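Just below is one structure, and these are the notes that go with it.
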């Protein structure tokens, strides 16, 4: 089976499993919206301030709650299903790419959902909105890759739900800085090319790391 | 426990550095407060050194699959986290009287804090495994991925701070430093490095002993012997 | 005589705190079905996972389907191994048909919806094909695994207590799967602790006691 077909088959079924379970749409997105709602309650309703900090808060929420998207149930195939895929000759790298792709698409949906809530609640003003078409996917891709690597690192461990965020979030710091500084640049009308390039470099490094470490991680299955 | 040459060297150089740090004249501007530099700067140096050693240990483990290298990576990260914490703590203690705040968003400080948490996660992962082989496989993957991110974190944080205002306050490693102070600082760096080597080598031995204690020999229990025939019906006599 | 499907020599598996297997010699001759008995925790599943090439033994050597354990050829023989473990390998929110289709497509390397459907019919699940796996009984989920085995037609069939809780009809399926494999010249290894029910399905038995293979008679 060609690698590409393995990947598309896995992505298709993994996404179907997730969409039917509805963990991202019905649990993670609402949770993120509650967070966006509580922050003004905690810091006070100062409309110009909220307008200014809205994008930054949005990106922190994307990073922190995005970890939940990456560690969702359907990204961690049951141990028996992992054995089945391994015996079916699915390349570990193909599994990494497939899970990352599925997570990427879900994260993109999550970003759009949380983004709409941010626009409604904080009313941020950005000069060139179309840049978001690059920023959202670049950030989602990076977070998806870190999350997939992190998920494989903690697979099968008892404390994995608390361990995964501690591993994923510090490594995702450049993504947050890149995305947040780029939107800040859009807000004040400054150049953002270098932040977009930073995100692209992060994604490239992670893609290499993910593909190269897929096999050692599979060999360490418990 | 027998003292080894490395341990003795660590104690000796540390004592020398301690005395040197006390006898050199105080800083012209900051006075005695500046002496905290003799702990802060070497600790920060060890943070970088230790995480580099962890990277090397992880990469070599993935190539040769020998647990020695994984133990080196783990020991170095553990000692490194302690010194990174020390660098952060001394930085804050030093910063409070000078800057008036415990924490400042200096690029280097932020980078150090991020590294601290990256490797805290690394150690938390290591602790989660019973099986040394699985621990080695997975933590060396994280060791490599984490290390790849460090330079990127460095650049992103530097750019982030550069965007606002370049910090013009006195840097902990102010290059305009008097010769005796520089000597004391170099002494301290050397001493901390030897201490690091001694601690890591002890920790490697300890991990090896822990792994050996978990690894059964032929006299140990085999599978199944943990379960004995159940006693039902209450006929115990 | 053809070479055995599986041949293990002095296999040992260590885990922290216990020696799970020690010096296991096991041959699965081509065309044979072997039952592996043993009490809870005797190391049966561990041995099965070594045979399935999913667990690298701490010591010893062996070949599975002609490839040496731990060698690079292992990747190419894996797809000829069919394993049904304790837990069914199903995605909970996919229907039985989708689960079978996923397994079939991955195994055959092309879209295989009709094969999946046909196999589900053969195991008597045609009516339940559109039910989600999470809403099906354990016995039904097992039957999906049997359907998967019909599709991939393995040369080495490994069943880990796969017969537990099956009705007589499903027992017939297990027996059918085993005879399919042996008729093709492959081998089957059935891990079980209920000797009486499994004995009629196999022609050889072996017993694991405390990580040591005690009986290996035909």
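Rundown of residues vs (1) in a helix (DSSP H, G or I); (2) more than 25 Å from residue A:135 (Cα to Cα); (3) in contact with a strand residue (DSSP E or B) (Cβ under 6 Å, 6 or more places away or on another chain); (4) without any contact (Cβ under 8 Å) to a residue 60 or more places away in the chain, yes/no style:
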{"site": "A:20", "(1), (2), (3), (4)": "yes, yes, no, yes"}
{"site": "A:28", "(1), (2), (3), (4)": "yes, no, no, no"}
{"site": "A:31", "(1), (2), (3), (4)": "yes, no, no, yes"}
{"site": "A:36", "(1), (2), (3), (4)": "yes, no, no, no"}
{"site": "A:39", "(1), (2), (3), (4)": "yes, no, no, yes"}
{"site": "A:54", "(1), (2), (3), (4)": "yes, no, no, no"}
{"site": "A:58", "(1), (2), (3), (4)": "yes, no, no, no"}
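Across region C:92-111, the qualifying residues are those that are within 7 Å of another protein chain (Cβ to nearest Cβ) and not in a helix (DSSP H, G or I), and the one among them that is modelled with the lowest pLDDT is C:109. For residue B:103, the conditions (1) surrounded by fewer than 19 Cβ atoms within 10 Å (Cβ to Cβ); (2) assigned to a helix (DSSP H, G or I); (3) free of Cβ contacts under 8 Å to residues at least 24 places away in the same chain are fulfilled apart from (2).
Checking each residue in region A:86-110 for being buried (at least 24 other Cβ atoms within 10 Å of the Cβ), assigned to a helix (DSSP H, G or I) and over 19 Å from the mean Cα position of the chain (by Cα) picks out only A:87. Return yes or no: is residue C:168 over 30 Å from residue C:106 (Cβ atoms), more than 14 Å from chain B (Cβ to nearest Cβ) and in contact with a helix residue (DSSP H, G or I) (Cβ under 9 Å, 6 or more places away or on another chain)? So residue C:168 does not fit the description; no. Just one of the numbered conditions (1) touching a residue at least 40 places away in the same chain (Cβ under 8 Å); (2) facing chain B (nearest Cβ under 10 Å); (3) surrounded by fewer than 20 Cβ atoms within 10 Å (Cβ to Cβ); (4) in a helix (DSSP H, G or I) is not true of residue A:162; which one? Failed condition: (1). The strands (runs of 3 or more DSSP E) located wholly in region C:117-218 that include 1 or more residues which are free of Cβ contacts under 8 Å to residues at least 40 places away in the same chain occupy C:212-217.
Go through region B:25-55 and count every residue that is modelled with pLDDT of 85 or more, surrounded by 15 or more Cβ atoms within 10 Å (Cβ to Cβ) and touching a helix residue (DSSP H, G or I) at 6+ places or on another chain (Cβ under 8 Å). Explain how you work it out, then say what you get.
Going residue by residue through region B:25-55, those that are modelled with pLDDT of 85 or more are B:35-55.
If we keep only those that are surrounded by 15 or more Cβ atoms within 10 Å (Cβ to Cβ) as well, we get B:35-51, B:53-55.
Filter again for touching a helix residue (DSSP H, G or I) at 6+ places or on another chain (Cβ under 8 Å), leaving B:35-47, B:49-51, B:53-55.
Of the residues in region B:25-55, 19 are modelled with pLDDT of 85 or more, surrounded by 15 or more Cβ atoms within 10 Å (Cβ to Cβ) and touching a helix residue (DSSP H, G or I) at 6+ places or on another chain (Cβ under 8 Å).
Within region B:194-214, if we keep just the residues that are buried (at least 18 other Cβ atoms within 10 Å of the Cβ) and within 14 Å of another protein chain (Cβ to nearest Cβ), the residue that is modelled with the lowest pLDDT turns out to be B:211.
Select from region A:1-13 the residues that are at the interface with another protein chain (Cβ under 8 Å from one of its Cβ atoms) and assigned to a helix (DSSP H, G or I) and write down the one among them that is nearest to residue A:74 (Cα to Cα). Before you say what the answer is, go through the steps one by one.
As a first pass, look at region A:1-13 and keep what is at the interface with another protein chain (Cβ under 8 Å from one of its Cβ atoms): A:1-2, A:5-6, A:9-10, A:13.
Now narrow it down to the ones that are assigned to a helix (DSSP H, G or I): A:5-6, A:9-10, A:13.
Values: A:5: 20, A:6: 17, A:9: 15, A:10: 11, A:13: 10 Å.
This residue is A:13.
Residues of region C:63-91 that are in contact with a helix residue (DSSP H, G or I) (Cβ under 7 Å, 6 or more places away or on another chain) and in a helix (DSSP H, G or I): C:78, C:79. Restricting region C:31-62 to residues that are away from every other protein chain (no Cβ under 12 Å) and buried (at least 19 other Cβ atoms within 10 Å of the Cβ) leaves a set whose member that is farthest from the chain's Cα centre (by Cα) is C:62. Entry remark, region B:117-133: residues being surrounded by fewer than 19 Cβ atoms within 10 Å (Cβ to Cβ) and in a helix (DSSP H, G or I) number 5 in total.
Within region B:171-188, the presence of a residue that is at pLDDT 85 or above, under 29 Å from residue A:209 (Cβ atoms), in contact with a helix residue (DSSP H, G or I) (Cβ under 6 Å, 6 or more places away or on another chain) and not in a loop (DSSP other than H, G, I, E, B) is excluded.
Going by what's in this entry, would residue C:26 be described as more than 12 Å from every other protein chain (Cβ to nearest Cβ) and not in a loop (DSSP other than H, G, I, E, B)? Steps first, answer last, please.
Details: more than 12 Å from every other protein chain (Cβ to nearest Cβ): yes; not in a loop (DSSP other than H, G, I, E, B): yes.
Spelling it out, residue C:26 is indeed more than 12 Å from every other protein chain (Cβ to nearest Cβ) and not in a loop (DSSP other than H, G, I, E, B).
Residues that are at pLDDT 90 or above and away from every other protein chain (no Cβ under 11 Å) are absent from region C:73-91.
Residue C:123 meets each of the listed conditions (1) within 10 Å of another protein chain (Cβ to nearest Cβ); (2) within 17 Å of residue A:84 (Cβ to Cβ) apart from (1).
The values are calculated or read from the model by the stated rules, or taken from the named source; none is laboratory data. Note that the coordinates shown come from a computational prediction; the quantities given were computed from them, not determined experimentally. Counting neighbours? That spans all protein chains shown, and the Cβs are built from the backbone with ideal geometry, glycine included.
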